[in-house]
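K.L.:
My questions will all concern the structure given below.
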């Protein structure tokens, strides 16, 4: 059978080690009398999060003879709870546990699951409802609602108005497994138990000199201890002990190749067509028996990187592999499916063409090791035409595997070529789906490889997100930060260079404000305003409108940072400038004057000047009413905003 499947958390061939009694603490939490509760399990890949989730489900759903009148639990992982072997019938379940793996990579799930669980908790027949979110790493992106717990922040909804979910998450309990590395005794116990489970007869014990190597900090997490135990229990041709995770994972893949060989189709057997060898498709170092080792590794890499939808999708992707001889690709696709059968949904239908290589860290090692052979495949997977929900898998795996410098470089170069087109495709789908999922996932990948992206390309991509709102806010912020990461021009630099820098800083300030980073936004917009002020002094015709726009944004940023008096003064200057501009060119600048007047009314009211706020709001309404009469399509929405503002100030003044 598949060796990596033996090492998968859900296969559980290795006796479970309750490190620091974490499972015991989780069970106590789950059985507490509180009706609804959330727990977050955080930790690096291989730290044991998924296994803990599996064991908690098993512990809760196993009937206990020691508990009189014990409740009946329905417990399982979200993707297959309806078919989970660990779930009791929902008809008589009095308590419910949902485990959500890869939670930080599934933002669309968090709010939905919490809301569904809350409704379930309202059922009078339900004693308790529990959610466990498994988080591999905190988000590299900022969030609109930040706390001292970065693991919780990775789960927060991006829509800042959704404070209900934020408040619920604030009450969640957290265990970070990375902070609780295995003790020396736990390493030894886990290694010996794993070693015995992998050897025949199972009574065998490892040599003492093997145990001593576990003192290395590399073995602080369960996966590497288990992997090393397996490799020692089933040695192939180990000439020396591995000294890094990558070397351990590579040895596991060497074992996995025996499994691949068992299923390898005869139509692709290396010895079946000597002509292919002379063409360089496979050479002795790339083969194992009839297995084309290089082709097999590349094919499994496809399954690791992509959510392959069906046979046609599999064939199209596999045809991009350098080692593919160009025929019998259908057989290769079916080999992949046989080796890694897909999960089935509640209706018994396969969700994808095949499953992925797990544990994740072994799959990510495979992707990184094949970086040189992946360029055609990566170009396809990262192309605008592939943007969709299936992209989430690709972007997440690449973001995690991009710790490998070479892969990081490859992915960055490819994205740099198609960044604007991909961002535009994400923008369209975000608007259509009314969801931030795609944009946020891509933003994480972009953040990981940004050192290989041209700031000018990032700026062009950012411009495509102008109407994305909060659905694309975090991606816009990442793009704007890189776009603004250019050298500040000297005071005597060409005017165009100074204007470009000012424009990038102004755009950055807006994007920072959109994700709640108001302090940084204020700093950026203040710098842009100072630059535009200098440009307008030397070339008023060209840059005075930009100065007014920057002042408008500065006032807003000052207000968001609690600087009410400064915001009022800045807004008054913006109105003065735009009033003068509108007198000389009404068609171009009157709409902007109305916007500044509407904003000024707000700042006047914030400073207790209610009568002046009312008068200013009335002027804004008068201007926008006139504009709407001449161009209803363009200006009626703005008129509605001003009328709403005016109504508030009329009420404030007792009218």
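K.L.:
Read through the labelled values [x] 0.97; [y] 0.99; [z] 1.05 and report the label of the one computed as Rg/Rh (Cα atoms, Kirkwood Rh) from the structure.
P.N.:
From the options [x] 0.97; [y] 0.99; [z] 1.05, the structure gives [z].
K.L.:
Something else: Per DSSP H run of n ≥ 4, the term is -39500 (n - 2.57); total these for the chain, divide by its residue number, and report the mean residue ellipticity at 222 nm rounded to 500 deg cm²/dmol.
P.N.:
On the way: 28 runs with 378 residues, N = 655.
Theoretical 222 nm ellipticity from helices: -18500 deg cm²/dmol.
K.L.:
Let me ask something else. Report, to the nearest 10°, how far helix 405-433 tilts away from the longest principal axis of the Cα atoms in the chain, using its own Cα long axis and a range of 0 to 90°.
P.N.:
60 degrees
K.L.:
To continue, here is another question. List, largest first, the extents of the alpha carbons of segment 489-542 along their principal axes, each in whole Å.
P.N.:
Per principal axis, max minus min of the Cα coordinates gives 34, 19, 13 Å.
K.L.:
Which percent, nearest 5, of DSSP beta bridges in the chain are antiparallel? Walk me through the numbers before you get to the answer.
P.N.:
Details: 3 of 25 bridges.
If we restrict to bridges inside the chain, about 10 percent are antiparallel.
K.L.:
Per residue, what volume in Å³ does the Cα convex hull of segment 368-430 take up? The partial results should precede the final answer.
P.N.:
On the way: hull volume 4.7 nm³, N = 63.
Taking only Cα atoms, segment 368-430 has a hull volume of 75 Å³ per residue.
K.L.:
For segment 31-49 and segment 516-565, what is the centre-to-centre distance using only Cα atoms, to the nearest Å?
P.N.:
So the two Cα centres are separated by 45 Å.
K.L.:
Name the shape class, rounded, prolate or oblate, that the alpha-carbon gyration tensor gives for segment 290-358, where a ≥ b ≥ c are the square roots of its eigenvalues, rounded holds for a/c under 1.5, and otherwise prolate holds if a/b is larger than b/c and oblate otherwise.
P.N.:
prolate
K.L.:
Using a 10 Å cut-off around each Cβ, can you sort 208, 596 from fewest to most neighbouring Cβ atoms? All intermediate terms of the calculation are to be shown ahead of the outcome.
P.N.:
On the way: 208 7, 596 27.
Ordered from fewest to most neighbouring Cβ atoms within 10 Å, 208, 596 come out as 208, 596.
K.L.:
Compute the relative contact order of the chain as a whole-number percentage, counting only Cα pairs closer than 8 Å that sit 6 or more residues apart in sequence.
P.N.:
Values: 978 pairs, mean separation 56.2, N = 655.
Rounded, it is 9 percent for the chain.
K.L.:
Moving to a separate point now. Looking at the square roots a ≥ b ≥ c of the eigenvalues of the Cα gyration tensor of segment 184-266, which shape do they give, rounded for a/c under 1.5, prolate if a/b is larger than b/c, or oblate?
P.N.:
Details: a/c = 2.21, a/b = 1.57, b/c = 1.41.
It is prolate, given that a/c is not under 1.5 and a/b is the larger ratio.
K.L.:
Answer rounded, prolate or oblate for segment 486-603, using the Cα gyration tensor with square roots of eigenvalues a ≥ b ≥ c: rounded when a/c is under 1.5, else prolate when a/b is larger than b/c, else oblate.
P.N.:
Values: a/c = 2.02, a/b = 1.05, b/c = 1.93.
In terms of gyration-tensor shape, oblate.
K.L.:
Return the whole-Å distance between the Cα centroid of segment 397-462 and the Cα centroid of segment 615-631.
P.N.:
42 Å
Read the figures in this text as sums done on the coordinates, not as results from a lab. This is a predicted model, so every value here is computed, not measured. With ideal geometry, Cβ positions are generated from the backbone for all residues, glycine too; neighbour counts draw on all protein chains shown.
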